[in-house]
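What follows is a single structure, written as structure tokens, with notes after it.
Values quoted throughout were computed directly from the atomic coordinates according to the rules given, and no laboratory measurement underlies them. Just so it is clear, the model here is predicted, and its values are computed rather than measured. Note that each Cβ is placed from the backbone with ideal geometry, even for glycine, and that neighbours are counted across all protein chains shown.
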Amino acid sequence: MISFLLAYITITLFAMLFLGIYGVATRSNLIKKIIMLNIANDAINMLFILIGYRMVFPVFPPVYEKHITFREFLEKSVDPLPQALVLTAVVIGMAMNILLTTYAIQFYRLHGTVDARDIAEVMRGDDE
Amino acid sequence: MKRDILVAVSLLVAFLFIAYAVTVKNVLGLGGAELRPLGEFYLSNAFAHEGLTSHSPEVVTAIVWNYRGFDTLFETFVFFLAIMGALSVLRLTDEQEKLVRELEATMPHRQMDLIVRATTKLVVIMIIAISASIALHGHLTPGGGFQGGSAMAVAALLLFAAFSKFTLERKGLTLKHTISAYAVGLALILATVLAPVFLYNGKVLEINLLPGEMGLFNLDVGEYLAVAFGFLTVFLVLGIPEWVFKVVLRGELND
Amino acid sequence: MIELHLLILVIVVSFGFVFSYLAMKEHDLLKALALSSVQSTFFALGFYILAAPDIVLAYLAIAVGAYTALVILAISKTERYEVGE
């Protein structure tokens, strides 16, 4: 039962990741590309946290409290390292979003389009 | 259309391969009940009284600021660079800023009705209190500078929506002030990082040499200020209406 | 009892997948953004079930608050509708 549920969760997360990549590859609007990129990012983050999860029942977050002994804490707490990595990834993802949206806005101001097919034409027009 | 199908088929093949590897071969090691050795080291040493310790019961913060301190420091600078990149794309000179302010003053001054404004005031006070609690207790409980700072940015966004950007700027929340507060936050982080070198002859980022929990607390406060006002700076610049920007750009072309 | 946690995760991940599929199919960008924020809310619940309180605090404020506002501003300054094939 547990392995079946875990397999379902993992496969759905990978499907979401590939859905996001498919969206980035095939949608032509730049803002839509940013939205789909974030969906792929979320799926990867969730997968990382899932790797750190443990199959013990009263599972604790990695915060030491006084009313549990240290041995019990070691036996029941989840792995803290993926959480630290994902915290970094969330921050970097937001920084990336800020940069990408400002570039898209500035491109629209200068050329009047955020469509990837039109952007190719605009660039070709600039060369000539 | 043909290209879409090609993309879909190649992604599907990759997906099937990965699904086989993850479920049948279990390459990610999911479903185990035991800890990995590195996780066990962090869990057992974060709050020990001697040895490699950071004196923090919150293991994630301990990893983020003590065991992987350089990573987090440069991550803060990556965030800084992203915001500076955004501001340099949407740049305004001093004269242009003056022109923007004149043009915005001619706009009709719109805000939402009384009920929304009164509720927003209450909610914003609550969000600011919670964000301060998240940030200032960040080294003891779940949370930290980044989480508190982004909650604070949400409070400012609520104010943007209910009142207008113009009201906030008249109250003193201008671009200059937010950038200065951002710089203060970054300076606090740098000072805390460099303090062990000058005070205790340690190395950069050895913040467990500082007395008590001061190192982690200072880093939390610095990150709180930096993230909250970094977001606010970007939203203040992006909040300028589009027609104002068009006038400014046209002026730039005519020069 | 661990099955209960995993069942909640199954629901979270399924809804996340459905809403992200709807977001991909939507041509109105504001609606697509709203659908992807619903997916973010489900994922925040998932992070809580996975015992990661730090991530929940960061992720809720970022993905439902700041990111949504940023993209709404971007849509209001560019085009609202995605042009199809």
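Pick out which of B:VAL64, B:VAL27, B:VAL197 has the largest mean-square fluctuation in a Gaussian network model of chain B, springs linking Cα atoms closer than 10 Å.
Top of the fluctuation ranking is B:VAL27.
Suppose each label sits 7 Å from its Cα in the direction of the beta carbon; what would the B:LEU199-A:MET123 distance come out to in nanometres?
5.2
What is the Cα radius of gyration of the protein assembly as shown over 2.2 N^0.38 Å, N being its residue count?
After normalising by residue count via 2.2 N^0.38 Å, the value is 1.04.
Percentage of Cα-Cα pair distances in chain A greater than 26 Å, rounded to whole percent?
45
Counting only complete DSSP H runs, which helices of chain A cover 30 Å or more along their long axis at the Cα atoms and score a mean Kyte-Doolittle of 1.6 or above?
Answer set is A:2-26.
With a 10 Å cut-off between alpha carbons and a GNM built on chain B, which of B:VAL124, B:VAL22, B:VAL89 moves the most?
B:VAL22
Using only the alpha-carbon atoms, how far is helix B:94-106 inclined from the longest principal axis of chain B? Give it as 0 to 90 degrees, nearest 10.
70
Enumerate the lysines that B:LYS121 could reach by cross-link, defined here as Cα to Cα under 29 Å, with residues fewer than 8 away along the same chain left out.
In chain and number order, the partners are B:LYS165, B:LYS171, B:LYS176, C:LYS31, C:LYS77.
I need two numbers for chain C: Rg to one decimal and Dmax as a whole number, Cα atoms only, in Å.
14.9, 50
Per 10 Å bin, what percent of the C-alpha pairs of the stretch B:57-254 does each bin hold, from zero upward?
8, 30, 29, 19, 10, 3, 0
Jot down the radius of gyration and Dmax of the stretch B:186-255, Cα atoms only, both in angstrom.
Reported Rg and Dmax, both Å: 20.5, 60.
So what is the diffusion coefficient of the stretch B:1-116 in µm² per second by Stokes-Einstein at 25 °C and 0.890 mPa s, using a Kirkwood Rh over Cα pairs?
115
To the nearest 10 degrees, how steeply does helix C:67-77 sit against the main Cα axis of chain C, on a 0 to 90 scale?
Relative to chain C, helix C:67-77 is tipped by roughly 10 degrees.
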